[in-house]
Number of protein chains: 2
Amino acid sequence: MEHRIERIKKQLHAQSYKLTPQREATVRVLLEREEDHLSAEDVYLLVKEKAPEIGLATVYRTLELLSELKIVDKINFGDGVSRYDLRKEGATHFHHHLVCMECGSVEEIDEDLLEDVEKIVQTDWGFKVKDHRLTFHGICRVCQAAEKEEDLEAAAVQVNRTS
Amino acid sequence: MEHRIERIKKQLHAQSYKLTPQREATVRVLLEREEDHLSAEDVYLLVKEKAPEIGLATVYRTLELLSELKIVDKINFGDGVSRYDLRKEGATHFHHHLVCMECGSVEEIDEDLLEDVEKIVQTDWGFKVKDHRLTFHGICRVCQAAEKEEDLEAAAVQVNRTS
DNA sequence: TAACTATTTATAATAATTATAATTTGACAC
DNA sequence: GTGTCAAATTATAATTATTATAAATAGTTA
């Protein structure tokens, strides 16, 4: 944790930004909740626990700054709120997401998976790829199991009826 | 054009929705500007030219409806506005986008390209993929050429100076 | 024609985000 | 240490996109 804070501090200093207490508190929240996909509001509420005097605008500005420095990625899953996602250390690309259409859960995929596709885009479309956003919408493992369960129960009812 | 309107009319009727004059005007705008990625506001302004009495809320509702019926796809390029993109006739998947970080242009890719990746996601993550959103951010062909141009000019200045 | 439902309009409300002005903080010169 | 300055923050207002509400309209069926 401290190590990553240090690294981020250096990244900020490299662009002559400071790691103010407010910014540090924000980064800490992001590190602690790395698995989640927090909205600015979410971050604000969590940061307030550490630094109650912080303002919402500061959180927005901090997230914007971290986003410009590619420390976090800003992503939108179509619910009208921007969410902020820490980039893994050393990752050159943004990771992918699996959004469940049933339960709304969001899973991350760190593997690249797009190397071949990006090559095709570069050669066939002449587009120099710098970054990507890939999100799959579908049914997660858990909800698939639940559906199967329901189907079995429905089938059982059928059998009871006809027998 | 008329043929596609007819098809959309049928798709609406199949779910017992009607193709009202307002809805038809909206669909016509989307068809005419198929290459663009219009926001609700953009659509509203264009529809107003055909049907000046239409209300913004109706446009929103219509786009929402078309989106539910998978006639259009709602997409967000990170500028805080939802954009609406007609699905190609018969397309089962949403097409991909190339967003230029220099000039902001948006190009479309109709090829699927993700078949292999989706297979991997299904088998390795147990996630049943229903749809996807893939956007590449980078430099388009035109801006790359412009950059090369600039580099050449800069080099020429160097040569003039040192000679 | 009357009754009913879906749709639309006009407007208000909400929610997310950004801008503004005043204040605070921290670094550096003296 | 004190004064000065720029950057950052706070509190608040403003803006923007979107959604909700109530009344009016249109189209359909009995």
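Does A:I139 satisfy being modelled with pLDDT of 95 or more, facing chain B (nearest Cβ under 7 Å) and more than 30 Å from B:R141 (Cα to Cα)? First the steps, then the outcome.
Values: modelled with pLDDT of 95 or more: yes; facing chain B (nearest Cβ under 7 Å): yes; more than 30 Å from B:R141 (Cα to Cα): yes.
Considered against the rule, which asks whether it is modelled with pLDDT of 95 or more, facing chain B (nearest Cβ under 7 Å) and more than 30 Å from B:R141 (Cα to Cα), A:I139 comes out as yes.
All of (1) over 16 Å from the mean Cα position of the chain (by Cα); (2) modelled with pLDDT of 95 or more; (3) of a type in the set (D, E, K, R) hold for B:R4 with one exception: (2). Just one of the numbered conditions (1) within 16 Å of DNA strand C (Cβ to nearest atom); (2) β-branched (V, I, T); (3) within 14 Å of chain A (Cβ to nearest Cβ); (4) more than 14 Å from the chain's Cα centre (by Cα) is not true of B:T92: (1). For A:D36, the conditions (1) of a type outside the set (G, A, S); (2) over 16 Å from A:S82 (Cβ atoms); (3) part of a loop (DSSP other than H, G, I, E, B) all hold with the exception of (2). In segment B:42-55, which residues are more than 13 Å from DNA strand D (Cβ to nearest atom), without any contact (Cβ under 8 Å) to a residue 12 or more places away in the chain and either over 26 Å from B:N76 (Cβ atoms) or surrounded by 13 or more Cβ atoms within 10 Å (Cβ to Cβ) (or both)? B:K48, B:P52, listed by residue number. Residue-level check: of (1) modelled with pLDDT of 95 or more; (2) more than 10 Å from chain B (Cβ to nearest Cβ), A:K128 misses just (2).
No other residue among A:L65, A:L69, A:L86 is surrounded by fewer than 19 Cβ atoms within 10 Å (Cβ to Cβ), in contact with a helix residue (DSSP H, G or I) (Cβ under 7 Å, 6 or more places away or on another chain) and not small (G, A, S) apart from A:L69. Scanning segment A:29-41 for residues that are in contact (Cβ under 8 Å) with a residue 24 or more places away in the chain and within 14 Å of A:L63 (Cβ to Cβ) yields A:L30, A:L31, A:H37, A:L38, A:S39, A:A40, A:E41. A:L98 fulfils the conditions (1) on the phi > 0 side of the Ramachandran plot; (2) at pLDDT 95 or above except for a single criterion, (1). If you check B:E147 against the conditions, is it over 13 Å from the mean Cα position of the chain (by Cα) and either small (G, A, S) or not assigned by the TED database to the domain that holds B:R28 (or both)? Yes: the conditions hold for B:E147. Restricted to segment A:61-89, and to residues there that are more than 10 Å from chain B (Cβ to nearest Cβ), aliphatic (A, V, I, L, M) and in contact with an Asp or Glu (Cβ under 9 Å, 6 or more places away or on another chain), the residue that is nearest to DNA strand D (Cβ to nearest atom) is A:V81.
How about segment B:67-83: which of its residues are away from DNA strand C (no atom under 11 Å from the Cβ) and not in a loop (DSSP other than H, G, I, E, B)? If the condition is that a residue be away from DNA strand C (no atom under 11 Å from the Cβ) and not in a loop (DSSP other than H, G, I, E, B), then B:S67, B:E68, B:V72, B:D73, B:K74, B:I75, B:S82, B:R83 are the ones that fit.
The values are calculated or read from the model by the stated rules, or taken from the named source; none is laboratory data. Please read all numbers here as calculations on a predicted model, not as lab measurements. Note that each Cβ is placed from the backbone with ideal geometry, even for glycine, and that neighbours are counted across all protein chains shown.
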